[in-house]
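J.: I have a structure here, written as structure tokens, and I will follow up with some questions on it.
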Amino acid sequence: MAIQVVPYTEEWVEGVRAFNARMRDANLHWGWYATPVDAWLDAPPGKHKTWREHHLAVEDGQHVRGAFALKPHEWWIHGQPRTVTDWQGPITEAAYDPRFAMLGVRLMREMLRQHPLLYSWGHGGAEQPMLRMIEKMGFVLHATPFCLRILRPFRFLRRNRYLRHSPRNRLALDVAAFSGAGGVALPLLHAALAARERRSAPAQATPFERFEGWADALWERCRGRYAAIATRDAETMNVLLRPGGWPAAIKLRVERGGETLGWAAVLDTQMEDDRRFGTLRLGSLIDALAKPEDAEAVVGAAFRFLRARGVDLVVSNQAHPAWAAGFAAHGFLVLPGRRLLAMSPAMHDAFAPLAETTAGLHMTNLDGHGPMRM
């Protein structure tokens, strides 16, 4: 059984289709992308400061047995530029065929060979076997919070899927919804959370299409304020959030008194049969940039914008304490440890001292695989 790792090109489209069919036949929901053209970042490697590339594990030159994707991105770590790479996958037939039990390890080693400063953000729960595997390979795990604010309690209690996983839970949530108790308790909870924190004067959020020179000036002001941060200059952001592309984000410039404090990228998505959010209308803050002391103002402006659009709830994944505190100041539940950042040994070394660097780490959904299922 000779397996080679090759770039995903047009010649392998049929092989990937057959791979996906075998995964479905094994009652697995995992599969790989139907086309080698990345729906998000389709420029060739090296053209911009970030890109995506797909690779396949091919047996005997014929059968696709696994796949992974890499997203290199220029980061600034302790003031120095470094290429840091997010990985997605690996997805392999080891999930149902023991002949390929070691293929995941081999593909992880291949990723490390190509890009030693490797990370993935979002592991947990059902992915515990993957976590055990990468910990044995020397990866370090760092827990980050999830931020949540419910705006329409009745719809949330009735339509979310994550909490309605058992008859007992469904009954309890229905009672809370129809009795009106949830409609009273949840707003009071968010109000109490907001009352514990100080907020600055409100800032104004204005939608825009493209990042321009003002965004470069903001990036220069912010870059040195974080111990570790992916490049967010205008050129890079126009690649990550290109008009008409995926994700279909609304970009907001946040100002107060004529001064640009920062920007935020948000989604307003009507979910359909989602395994977490059911049929809720989901608002999410998927990326943002500001100095740490202005994070709260940017969060507030983005939150008010989404609330005015009528979303049922607003969520965000964050890493930096100032951004988590900014969400808390606007009544969000900040749930610790809900998302794990997995760092390769080389990335761990680059982050030394780890506690200091992770305390100054700014990450959002756009730093990983993108805002999937949001």
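J.: What single numbered condition from (1) buried (at least 16 other Cβ atoms within 10 Å of the Cβ); (2) under 30 Å from G257 (Cα atoms); (3) not aliphatic (A, V, I, L, M) fails to hold for F146?
T.: (2)
J.: When you look at R232, is it basic (K, R), under 14 Å from A290 (Cα atoms) and crowded, with 19+ Cβ neighbours inside 10 Å, yes or no?
T.: Yes.
J.: While we're on this one: The conditions are (1) modelled with pLDDT under 80; (2) loosely packed, with under 15 Cβ neighbours inside 10 Å, and L141 fails exactly one of them. Which is it?
T.: Tallying (1) modelled with pLDDT under 80; (2) loosely packed, with under 15 Cβ neighbours inside 10 Å, L141 fails exactly one: (1).
J.: Just to confirm my filter: which helices (runs of 4 or more DSSP H) fall fully inside region 118-226 and include at least 3 residues that are touching a Pro at 6+ places or on another chain (Cβ under 9 Å)?
T.: Because the criterion is at least 3 residues that are touching a Pro at 6+ places or on another chain (Cβ under 9 Å), the helices (runs of 4 or more DSSP H) in region 118-226 that meet it are 181-195.
J.: In region 145-185, which residues are within 23 Å of T269 (Cβ to Cβ), more than 24 Å from the chain's Cα centre (by Cα) and of a type in the set (A, V, I, L, M)?
T.: Selection gives L157, L173, A177.
J.: Also: Give the residues of region 78-117 that are among the hydroxyl-bearing types (S, T, Y) and either assigned to a strand (DSSP E or B) or at positive phi (or both), sorted by residue number.
T.: Result: T83, T85, T92.
J.: Which one of the conditions (1) under 21 Å from R373 (Cα atoms); (2) in contact (Cβ under 8 Å) with a residue 12 or more places away in the chain; (3) of a type outside the set (S, T, Y) does L117 fail to meet, given that it meets all the rest?
T.: L117 satisfies all of (1) under 21 Å from R373 (Cα atoms); (2) in contact (Cβ under 8 Å) with a residue 12 or more places away in the chain; (3) of a type outside the set (S, T, Y) except (1).
To keep it simple, each residue is scored yes or no on (1) buried (at least 19 other Cβ atoms within 10 Å of the Cβ); (2) within 15 Å of G15 (Cα to Cα); (3) not assigned by TED's automatic domain parsing to the domain that holds V239.
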position	(1), (2), (3)
N27	no, no, yes
G31	no, yes, yes
D38	no, no, yes
D42	no, no, yes
K49	yes, no, yes
H63	no, yes, yes
A67	yes, yes, yes
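J.: If I ask for residues that are touching a helix residue (DSSP H, G or I) at 6+ places or on another chain (Cβ under 6 Å), at pLDDT below 95 and surrounded by 22 or more Cβ atoms within 10 Å (Cβ to Cβ), which ones from region 275-316 would you list?
T.: L280
J.: Now, a different point. Output the residue which, of all residues in region 255-268 that are farther than 21 Å from R223 by Cα and either small (G, A, S) or surrounded by fewer than 19 Cβ atoms within 10 Å (Cβ to Cβ) (or both), is nearest to the chain's Cα centre (by Cα).
T.: Top of the filtered list is D268.
J.: Consider region 153-177. How many of its residues are surrounded by fewer than 17 Cβ atoms within 10 Å (Cβ to Cβ) and in contact (Cβ under 8 Å) with a residue 24 or more places away in the chain?
T.: So the answer is 3.
The values are calculated or read from the model by the stated rules, or taken from the named source; none is laboratory data. None of the values given here were measured: they were computed from a predicted structure. Virtual Cβ from ideal backbone geometry, glycine too; neighbours counted across all protein chains shown.
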